[in-house]
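Quick notes on the structure that follows.
The values are calculated or read from the model by the stated rules, or taken from the named source; none is laboratory data. Remember, predicted model here, so these are calculated numbers, not experimental data. Cβ: placed from backbone, ideal geometry, glycine included. Neighbour counts: every protein chain shown. Keep in mind that these areas ignore ligands, DNA and RNA; they rest on the heavy atoms of the full protein, side chains included. Shrake-Rupley method; radii C 1.70, N 1.55, O 1.52, S 1.80 Å.
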Amino acid sequence: MLPVDPIEKHFRLTPQQQAALRRLAIETVHDLLYHFPVRYESVNESSTVSALAVGNKVTLYGTLSGLKAKKLWKSRRPATEGWFEDASGKVKVMWFNQPYIARMAPQGTMVKLTGSVSGGSKPYITNPEVEVLTGEIPDSLFTSPTEKEDTPVIFPVYPETQGITSRWFYHAFKRVHDGGVLEHLEDPLPESLRTRYHLPDIHSALLALHAPQSTRSAEAARKRFSFEEIFVIQLHKQQERARNATQHAFEIDVDEARIKKFIALLPFPLTGAQERAVKEILTDFEKLHPMARLLEGDVGSGKTAVAAITAYAAVTSRPKGRVSGTLQVAYMAPTEILATQHFQSFIEFFKELPINIALITGSGCYKYPSKIDREKPTTISRSQLLKWIKSGEIAMLVGTHALVQKTVAFEHLAYVIVDEQHRFGTAQRRALARKGDSAPHFLSMSATPIPRTLALTMYGDLDLSVLDELPKGRAGVTTKIISKEKRASAYEAIREELKKGRQAYVICPRIDEPDPEKALALIAKSAKAEAKRLQQDVFPEFSVGLMHGKLKPQDKDAVMKAFSEGSTNVLVSTSVVEVGVNVPNATVIAIEGAERFGLAQLHQLRGRVLRSSHEAFCFLLPETTGEYSRARLQALEKTRDGFALAEEDLKLRGAGDLYGANQWGVSDLGMDALKNPRLIEAARNAAQETIAHDPELTKHPLLKTAVAGRVHELHEE
Ligand code: ADP
Ligand code: MG
């Protein structure tokens, strides 16, 4: 048996198992080895029927009886009902949409049942997984009989998938192990590193993960793989750093007097943090190599001004050896709405300058100033704009992703600013620098508060500037948890604001009404239904709009336009308004099902009402009352510092939950590592050392391959 062998070569699979493996992208024996358990269960710790608590996920050992297929009364959808029994008692079990369970599930034989407990005073278990236990209850695979007595009996639980059980993986691993496959695997982690950080080698680590003898050895193995993952990401980032240092930058003329004059013309004095960030960037401009910097600052901390001042330095610089023209700046925003807003801001910032500013988005192109009216922008054709960008006549180009398309070529692109695009990787950066021998300076801006460990990992190739100070004179935001009984008071507070001519957001966790059968526990408010209800029953005298991710782009724009113009008073929305929408007149945000969002996300949402000088309100309307969710929401009541909240979130919820559908391309295991600053630091140092000695990893072919795979996974190519 070899790691590259397809699974089918060694395992007879049912069609369900085949489908399940396909879903898990497991094709080879090697893939199988790298399909890691999510946790371990101890037989001793498994629950009993008498100890069931609603909301818990449990594993029970016992027997099934009385299984009956039936049709649900309202929807006529198939379901199965029956009983599960162990020595301590009986509990009802139900499956939805699985009419065959009644026929397939073994009754009377010992099974392992895993599922979530629902219900109230009478608990029941919905859609549990059932595994038949042949022989004895599983124990650790390779323990010798003598060891068995005093080692705790734990076994791995793999990510849930229909059609394939943890038990299958468990035995598959044993087969693979016995087939001698581990001997064929080479360890990508150099021995020196393993020794230094006390990490098990690849063989013992895989064995300890899939067939642990103790929780401790499984933990050590997990740690090894999280280290490896972070290390590989860091290698990639450090390589990028090293590559960046071999490129030449455009020479931007950092004339202090000229820049000071520009700053003096701004309608506000800079905050200390803005001054520091500007200085750091301007210092980078004077270096030989292009800047690669992240500007992190909470919503409203004034990142745009920092971008404008530093862009000013570029658009007032002559290209080297030229007697006319200016260097070019590109500013990329995440949405059309934001791009348009920034286009207008930059016109305002640079209106005294003799330069052209342009906007490029999927739906059209604009140029400022217009030939006819020097005060106004005008629409122009895309092809005309592209010509002017190429000839260097457009000094400042604002846009969405449309800006990085191959057809957009610049003459002297000296500075690229990217707002809230975590995925804008080094490859895209290089694509922009496509021509010539000089590379643009790069500034990535982010208001997404992330824990320091995640920043160090994902932005390991960037230097960091932080805006940790908000402009003075901003009115604060009052954040309040509103219990179910007090809901009316929140609506009254919203009405007061609306009467003053201000606007409100109401955020809902979902778009549509939940399927009443599928989601017994999910009673989250839907944006659609809530918009209707608020319009009819709560705010009939005002206009209520609806926004969600499934709207067509042009409908989204229309909805946002109506809201920013003030013709819609209340905007009911899913969390899509999160990123950067700027409606200064909106002063209240009510968040339904607040406990469903991460703290960082709630904080982002709250940022929507921090745009004006008016006192703002954020109402958190949780659906459930739990100690745990209350503690999280209270953290939000207490602090306004997004980065502190991100750390808190990491502590309370764990990284996996935090960042949604894994937008960072990091596995749950890697995410675990983020809770461990020392591990992150170690992986970073190790990567720095490795790259310093071997920048292209020619002496570490396995690491080189791993990095290449990683880059692919991070979707950077
Ligand atoms: P963000 O960092 O979220 O992008 P913006 O750049 O949009 O923040 O700035 C938010 C608001 O604060 C804008 O209206 C901007 O004009 C204003 N602003 C920026 N810097 C200052 C400052 N130093 N003093 C007062 N207001 C400022
Ligand atoms: Mg911004």
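Out of Leu327, Leu353, Leu386, one residue alone is on the phi < 0 side of the Ramachandran plot, in contact with a His (Cβ under 8 Å, 6 or more places away or on another chain), more than 16 Å from ligand 2 (Cβ to nearest atom) and not small (Gly, Ala, Ser). It is Leu327. Quick check on region 417-470: of everything there that is part of a loop (DSSP other than H, G, I, E, B) and among the small types (Gly, Ala, Ser), which residue is modelled with the lowest pLDDT? It comes out as Gly436. Filtered by the rule that a residue be assigned to a helix (DSSP H, G or I) and either charged (D, E, K, R) or within 13 Å of ligand 1 (Cβ to nearest atom) (or both), region 280-298 gives Glu280, Asp284.
Scanning region 350-390 for residues that are open to solvent by 50 Å² or more (accessible area, probe 1.4 Å) and either within 21 Å of Asp419 (Cα to Cα) or within 16 Å of ligand 1 (Cβ to nearest atom) (or both) yields Lys351, Gly362, Ser363, Tyr366.
If you check Leu265, Leu189, Leu182, which single one turns out to be within 33 Å of the chain's Cα centre (by Cα) and of a type outside the set (Ser, Thr, Tyr)? If you could, list the steps in order and put the result at the bottom.
Working: Leu265 fails: within 33 Å of the chain's Cα centre (by Cα); Leu182 fails: within 33 Å of the chain's Cα centre (by Cα).
Every option except Leu189 fails the conditions.
The residue that is least open to solvent (accessible area, probe 1.4 Å), counting only those in region 444-497 that are within 16 Å of ligand 1 (Cβ to nearest atom) and of a type in the set (D, E, K, R), is Glu469. Among the residues here, Glu240 qualifies as in contact with a Ser or Thr (Cβ under 6 Å, 6 or more places away or on another chain), more than 16 Å from ligand 1 (Cβ to nearest atom) and assigned to a helix (DSSP H, G or I). For beta carbons closer than 8 Å, sequence separation of 6+ or different chains, a first residue in region 366-377 that is under 16 Å from Ala395 (Cα atoms) and a second that is open to solvent by 100 Å² or more (accessible area, probe 1.4 Å), the qualifying pairs are Tyr368/Lys376; Pro369/Glu375; Pro369/Lys376; Ser370/Lys376. Would you call Ser317 open to solvent by less than 10 Å² (accessible area, probe 1.4 Å) and either touching a residue at least 40 places away in the same chain (Cβ under 8 Å) or in a loop (DSSP other than H, G, I, E, B) (or both)? Here the answer is yes, as Ser317 does meet what is asked. In region 1-56, of all residues being over 31 Å from the mean Cα position of the chain (by Cα) and among the charged types (D, E, K, R), the one that is farthest from Lys90 (Cα to Cα) corresponds to Asp5. Of everything in region 198-237 that is part of a helix (DSSP H, G or I) and small (Gly, Ala, Ser), the residue that is surrounded by the fewest Cβ atoms within 10 Å (Cβ to Cβ) is Ser204.
Taking region 9-48, which residues are of a type in the set (A, V, I, L, M, F, W, C), modelled with pLDDT of 80 or more and surrounded by 13 or more Cβ atoms within 10 Å (Cβ to Cβ)? Answer for region 9-48, where residues must be of a type in the set (A, V, I, L, M, F, W, C), modelled with pLDDT of 80 or more and surrounded by 13 or more Cβ atoms within 10 Å (Cβ to Cβ): Phe11, Leu13, Ala19, Ala20, Leu21, Leu24, Ile26, Val29, Leu32, Leu33, Phe36, Val38. Among the residues making up region 341-356, those that are of a type in the set (S, T, N, Q) and over 17 Å from Val576 (Cβ atoms) are Gln344, Ser345, Asn356. Considering only region 248-279, state which residues are within 16 Å of ligand 1 (Cβ to nearest atom), open to solvent by 20 Å² or more (accessible area, probe 1.4 Å) and within 18 Å of Tyr415 (Cα to Cα). Residue satisfying the conditions is Lys279 alone. Within region 364-387, the set of residues being among the charged types (D, E, K, R) and not in a strand (DSSP E or B) comprises Lys371, Asp373, Arg374, Glu375, Lys376, Arg382, Lys387.
Scanning region 311-324 for residues that are touching a strand residue (DSSP E or B) at 6+ places or on another chain (Cβ under 7 Å) and within 16 Å of ligand 1 (Cβ to nearest atom) gives a single hit, Ala311.
Whenever a residue of region 466-479 is at positive phi, its partners that are more than 8 Å from ligand 1 (Cβ to nearest atom) and open to solvent by 20 Å² or more (accessible area, probe 1.4 Å), lying with C-beta atoms within less than 8 angstrom and at least six residues away or across chains, give the pairs Gly473/Ser613.
Name every residue in region 498-520 that is farther than 25 Å from Arg640 by Cα, modelled with pLDDT of 90 or more and open to solvent by less than 60 Å² (accessible area, probe 1.4 Å), in order of residue number.
Here is the first cut: in region 498-520, the ones farther than 25 Å from Arg640 by Cα are 499-501, 510-520.
Okay, now just the ones that are also modelled with pLDDT of 90 or more, so 499-501.
Result: Gly501, single match.
The single condition among (1) under 29 Å from Thr271 (Cβ atoms); (2) more than 37 Å from the chain's Cα centre (by Cα) that Arg318 does not meet is (1). Summed over region 64-81, the residues that are under 16 Å from Met110 (Cβ atoms) and under 41 Å from the mean Cα position of the chain (by Cα) give a count of 1.
Determine whether His177 is surrounded by fewer than 18 Cβ atoms within 10 Å (Cβ to Cβ), modelled with pLDDT of 80 or more and either assigned to a strand (DSSP E or B) or out of contact with any strand residue (DSSP E or B) (no Cβ under 9 Å at 6 or more places or on another chain) (or both). No. Any residue that is in a loop (DSSP other than H, G, I, E, B), of a type in the set (Gly, Ala, Ser), within 27 Å of the chain's Cα centre (by Cα) and within 21 Å of Asn582 (Cα to Cα) - is there at least one of those in region 388-408? For region 388-408, residues in a loop (DSSP other than H, G, I, E, B), of a type in the set (Gly, Ala, Ser), within 27 Å of the chain's Cα centre (by Cα) and within 21 Å of Asn582 (Cα to Cα): absent.
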